[in-house]
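**Q** Got a structure for you, questions after.
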Amino acid sequence: MKKQIDNDSENINTILNSTIEGILIIKQGFIVNANDALVQILEYKTKDELIGNLATGVLIPSTTQKFLEFNRHLFQEVTLVSNNGVLIPAIIKISDIKLSGEKYKIVSLIDLREIKENENLLFRQSKLASLGEMISMIAHQWRQPLASVGSIMAKLRFKTKKNSVIKNEDLIKDVLSVQGYLKYMSKTIDDFANFFKDDKQKEYIDIIKTTIQAKELIQPSLEITNINLEINKIDIEKIYTYKNEYIQIILNLINNSIDAITEREIKKGKIDISFVKSENYLRIKVSDNAKGIPQDIINRVFDPYFSTKHEKNGTGLGLYMCKVILEKHFSGTIDVKNTSQGACFSIDIKI
Ligand SMILES: Nc1ncnc2c1ncn2[C@@H]1O[C@H](COP(=O)(O)OP(=O)(O)O)[C@@H](O)[C@H]1O
Ligand SMILES: [Mg+2]
């Protein structure tokens, strides 16, 4: 009998050690077995150091109780505590089993450190990419006032060269308008810089007003492309959230619609932003009339680096970034569908 049990546990250990996932077997809250991969992840020397400890000593469920669905299994995000006190992000899957009539829990887990690092890197890259988009928006806003200041200067220079007398009041008028242009230009910088600050402070925001603010930031591009952007206002109370990140998401979606409308040479370009409120969620829909996203790529538009804008140097990070920001900071989701007219992105954020 003893030999049989020894054989069984040897077999079990062989199975446990054949996987790259960390595996923990728990009985009534205590660790009774672990595989080599887990011992390594948790920086112990042998599994004997783990056995007998409370499982909650090495495995802290995340406070947000975030569940991920993958291959039709539910996974939970947790934090592991290593022997040296290092906190390790991981996902786990727990199954109940019965061995020789006794109940055990098998926890299999995957160390997420490397994946998280890649995610952070991508996040930084996408920040940079949208910095690039910001700069080009500022450039847009500056082109016209710069040209105007230039032509006022040229006029004054021309007059002084010809020794013609410049009337005092004309000079004052010119100086005032140059000052006006300069003020406008410096305000553009402030607007964008404010928006781009990494302050990440939650505040009570009026979603409608904030959406209008996003529209104002992109107004020059809308005018140049002759696109009509409508915001369908509804009554909603303020929500406590990240203002700049919300603006960033909306700008990304508007920019994509502008791109699609111009690329496909839609005559009367239209973008609609509307809101639907339910008990726990606020849905924001951004739709356009640019004929939508081809069915064979619609599932890939949120993937990092996925872009069809080769000539225009699309980064393919815009929608990916929206998704990450939404999931990370808004407990939200983003989805896209085609309508009879074009693409319709809907964002759900928790309120
Ligand atoms: N409103 C839209 N209409 C049509 N296609 C769109 C729209 N928004 C996004 N797409 C598609 O999704 C792709 C990914 O978008 P995004 O992540 O913002 O990257 P990028 O704009 O740099 O290409 C785009 O290249 C485009 O093919
Ligand atoms: Mg984009």
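The numbers here are math on the coordinates, done by the rules we state, and not lab data. Given the structure is predicted, the values throughout are model-derived calculations rather than measurements. Cβ sites come from the backbone with ideal geometry, for glycine too, and all protein chains shown count toward neighbours.
**Q** Mind checking the angle between helix 243-263 and the chain's longest principal axis? C-alpha axes, 0 to 90 degrees, to the nearest 10.
**A** Value to nearest ten degrees: 70.
**Q** How long is the range 191-339 along each principal axis, judged by its Cα atoms, biggest number first, in Å?
**A** 39, 33, 30
**Q** On to the next question. Specify the angular offset, from 0 to 90 degrees and rounded to the nearest 10, of the alpha carbon long axis of helix 318-329 from the longest principal axis of the alpha carbons in the chain.
**A** 60 degrees
**Q** Here is a further query. Per residue of the range 296-309, in order, report the coupling 6.51 cos²θ - 1.76 cosθ + 1.60 (Karplus, θ = phi - 60°) as ³J(HN,Hα) in whole Hz, putting x for Gly and Pro.
**A** 6, 10, 4, 7, 10, 5, 8, 6, x, 6, 7, 8, 9, 9
**Q** Which value in deg cm²/dmol, rounded to the nearest 500, describes the helix-derived mean residue ellipticity at 222 nm for the chain, given -39,500 (n - 2.57) per DSSP H run of n ≥ 4 and division by the residue count? The partial results should precede the final answer.
**A** Details: 7 runs with 151 residues, N = 351.
Per the formula, -15000 deg cm²/dmol.
**Q** Given the Cα atoms of the chain, and with Rh set as the inverse mean 1/r over their pairs in the Kirkwood sense, what is Rg to Rh to two decimals?
**A** Numbers: Rg = 29.0 Å, Rh = 24.9 Å.
Using Cα coordinates only, the ratio equals 1.17.
**Q** For N35, enumerate residues with amide H under 5 Å from its amide H, sequence gap 5+ or separate chain, H modeled in the peptide plane.
**A** It is I23, by chain and number.
**Q** Pop out the ³J(HN,Hα) list for the range 215-232 in order, Karplus 6.51 cos²θ - 1.76 cosθ + 1.60 with θ = phi - 60°, rounded to Hz; leave Gly and Pro as x.
**A** 4, 4, 4, 9, 3, x, 5, 5, 5, 4, 8, 6, 9, 9, 9, 10, 10, 8
**Q** Can you give the local net charge around L317? Use residues other than it whose beta-carbon is closer than 11 angstrom to its beta-carbon, Lys and Arg +1, Asp and Glu -1. Provide the component values of the computation, followed by the final result.
**A** Values: positive: R124, K127, K323; negative: E133, D303.
Neighbourhood net charge equals +1.
**Q** Also, I was wondering about something else. Hey, what do the phi angles of the range 271-287 turn into as Karplus ³J(HN,Hα) couplings, whole Hz, using 6.51/-1.76/1.60 and θ = phi - 60°, x for Gly and Pro?
**A** Going residue by residue, I get 10, 10, 10, 9, 10, 10, 10, 10, 4, 10, 10, 10, 9, 10, 10, 10, 10 Hz, with x marking Gly and Pro.
**Q** Continuing with this model, one more query. Could you pull out every residue, at least 5 positions away or on a different chain, whose amide H is within less than 5 Å of the one on L99? Hs are placed 1.01 Å off N in the peptide plane, and Pro or chain starts have none.
**A** Amide H neighbours of L99, under 5 Å, 5+ apart: Y104.
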